[in-house]
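Colleague: Below you'll find the structure I mean.
The values are calculated or read from the model by the stated rules, or taken from the named source; none is laboratory data. All values reported here derive from a predicted model rather than from experimental measurement. Ideal geometry is used to build each Cβ from the backbone, glycine not excepted, and the neighbour counts take in all protein chains shown. Side chains are part of the model used for accessible areas, which takes the heavy atoms of the whole protein and leaves out ligands, DNA and RNA. Shrake-Rupley method; radii C 1.70, N 1.55, O 1.52, S 1.80 Å.
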Amino acid sequence: MPDNYYIPTISVITPSFNQGEFIEETIVSVLSQQGNFIIEYFIMDGGSTDNSVEIINKYDELLHRKDWPIGCKGITYRWSSGNDRGQADAVNKGFAQANGEIFGWLNSDDTYLPGTFQKAVVFFSEHPNDVMLYGNAYYTDKKSAITDRYPSEPFNLQKLADYCYICQPTVFIRTAPLKEVGIIDITLHTCMDYDLWIRMGAKFDGRIAFVEEYLATSRMYAENKTLSLRETAYEES
């Protein structure tokens, strides 16, 4: 590989609150990514009272001791725990610190599939005009078993006005265009991602790509926001 080979940084934000049951699987799915990129990982914990902080700190220590097998060109791991104004606020706080050229957002009960970061890097390298990509995803249950596939489809702004077919953990956005549309709306509690896709589509229609690859898993269970706050989600949509 030549000395001047470009190695991008992917900044990933994980907002979390009392997700000790799932967050370790989420963290491992980020730190295990392999390829020609640097990972900048922010975990923004909202002051959890379960074992979340213990798990988060475990991987901080593993990386500091160099006891974690890094399969990419480097990992920066940062985390904080304290009060915030919700999930959107946590993502915004992480993004404010991010330095990467590519942005990803992974909730603490979802996971990336192996090879996802490298696929995103290759895609953006081969499609310099595109500003955002998303792909296919699997639904999983509380035990991480695949139950179905997310109903993703190619980007169409008019269809996006009718329903959300973009699975949030599969999304990667170039950081500069994301800054143009603005941060996530903290007044929204269930559809902050849907709002962001609409704003991205309104400004960059024709430059958002759907890739026919499975990139992530989205966990569905009775206590998660999508199912437990259905009325709120309907109103916000």
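Colleague: Of all residues in region 152-184, count the ones that are open to solvent by 50 Å² or more (accessible area, probe 1.4 Å) and within 21 Å of Ser108 (Cα to Cα). Spell out the reasoning first.
Modeller: Kept after step one, since they are open to solvent by 50 Å² or more (accessible area, probe 1.4 Å), are these residues of region 152-184: 154, 156-159, 161-163, 174, 176, 179-180, 183.
Then drop every residue that is not within 21 Å of Ser108 (Cα to Cα), which leaves 183.
Adding up the residues that qualify gives 1.
Colleague: Out of curiosity, is Thr26 surrounded by 22 or more Cβ atoms within 10 Å (Cβ to Cβ) and under 22 Å from Thr170 (Cβ atoms)? Give the steps one after another, and end with the answer.
Modeller: Values: surrounded by 22 or more Cβ atoms within 10 Å (Cβ to Cβ): yes; under 22 Å from Thr170 (Cβ atoms): yes.
In short, yes.
Colleague: Still on this structure: Here is a check on your reading of the model: is Gly20 surrounded by 14 or more Cβ atoms within 10 Å (Cβ to Cβ), closer than 21 Å to Thr175 by Cβ, in contact (Cβ under 8 Å) with a residue 24 or more places away in the chain and in contact with an Asp or Glu (Cβ under 6 Å, 6 or more places away or on another chain)?
Modeller: Numbers: surrounded by 14 or more Cβ atoms within 10 Å (Cβ to Cβ): yes; closer than 21 Å to Thr175 by Cβ: no; in contact (Cβ under 8 Å) with a residue 24 or more places away in the chain: yes; in contact with an Asp or Glu (Cβ under 6 Å, 6 or more places away or on another chain): yes.
Considered against the rule, which asks whether it is surrounded by 14 or more Cβ atoms within 10 Å (Cβ to Cβ), closer than 21 Å to Thr175 by Cβ, in contact (Cβ under 8 Å) with a residue 24 or more places away in the chain and in contact with an Asp or Glu (Cβ under 6 Å, 6 or more places away or on another chain), Gly20 comes out as no.
Colleague: When residues of region 14-47 are filtered for being aliphatic (A, V, I, L, M) and within 18 Å of Lys66 (Cβ to Cβ), how many remain?
Modeller: If we filter region 14-47 for residues that are aliphatic (A, V, I, L, M), which is where we start, we get 23, 27-28, 30-31, 38-39, 43-44.
In the following step, the residues that additionally are within 18 Å of Lys66 (Cβ to Cβ) were identified as 27-28, 30-31, 38-39.
Final tally of qualifying residues: 6.
Colleague: Residues to consider are Ser32, Ser80; find the one that is open to solvent by 30 Å² or more (accessible area, probe 1.4 Å), touching a strand residue (DSSP E or B) at 6+ places or on another chain (Cβ under 7 Å), at pLDDT 95 or above and among the polar types (S, T, N, Q). Talk me through it step by step, then tell me what you get.
Modeller: Working: Ser32 fails: touching a strand residue (DSSP E or B) at 6+ places or on another chain (Cβ under 7 Å).
Of the residues listed, the single one that is open to solvent by 30 Å² or more (accessible area, probe 1.4 Å), touching a strand residue (DSSP E or B) at 6+ places or on another chain (Cβ under 7 Å), at pLDDT 95 or above and among the polar types (S, T, N, Q) is Ser80.
Colleague: With respect to Leu227, determine if the residue is among the hydrophobic types (A, V, I, L, M, F, W, C), modelled with pLDDT under 95 and part of a helix (DSSP H, G or I).
Modeller: On the way: among the hydrophobic types (A, V, I, L, M, F, W, C): yes; modelled with pLDDT under 95: yes; part of a helix (DSSP H, G or I): yes.
Judged against the criteria, Leu227 is a match.
Colleague: Give me the pairs, please: first residue somewhere in region 161-184 and on the phi < 0 side of the Ramachandran plot, second residue anywhere and open to solvent by 10 Å² or more (accessible area, probe 1.4 Å) and part of a helix (DSSP H, G or I), beta-carbon distance under 6 Å, and either six or more positions apart or on two chains.
Modeller: Listed by first residue and then by second, the contacts come to Cys164/Tyr194; Gln168/Asp193; Val181/Arg199; Val181/Lys203; Ile183/Asn92; Ile184/Asn92.
Colleague: Can you tell me which of Asn92, Asn99 is closer than 25 Å to Gly135 by Cβ, polar (S, T, N, Q) and in a helix (DSSP H, G or I)? Reasoning before the result, please.
Modeller: Values: Asn99 fails: in a helix (DSSP H, G or I).
Checking each option against the conditions leaves just Asn92.
Colleague: Which condition does Lys58 not pass, out of (1) part of a loop (DSSP other than H, G, I, E, B); (2) at pLDDT 95 or above; (3) of a type in the set (Lys, Arg), if it passes all the others?
Modeller: (1)
Colleague: Further question on the same structure: If Gly47 meets every condition in (1) surrounded by fewer than 22 Cβ atoms within 10 Å (Cβ to Cβ); (2) of a type in the set (Gly, Ala, Ser); (3) in contact (Cβ under 8 Å) with a residue 40 or more places away in the chain apart from one, which number is that one?
Modeller: The failed condition is (3).
Colleague: Which strands (runs of 3 or more DSSP E) sit wholly inside region 116-217 and have at least 2 residues that are under 14 Å from Phe103 (Cβ atoms)? Working first, answer last.
Modeller: Numbers: elements: 132-140, 146-149, 172-174.
Passing ranges, in order: 132-140, 172-174.
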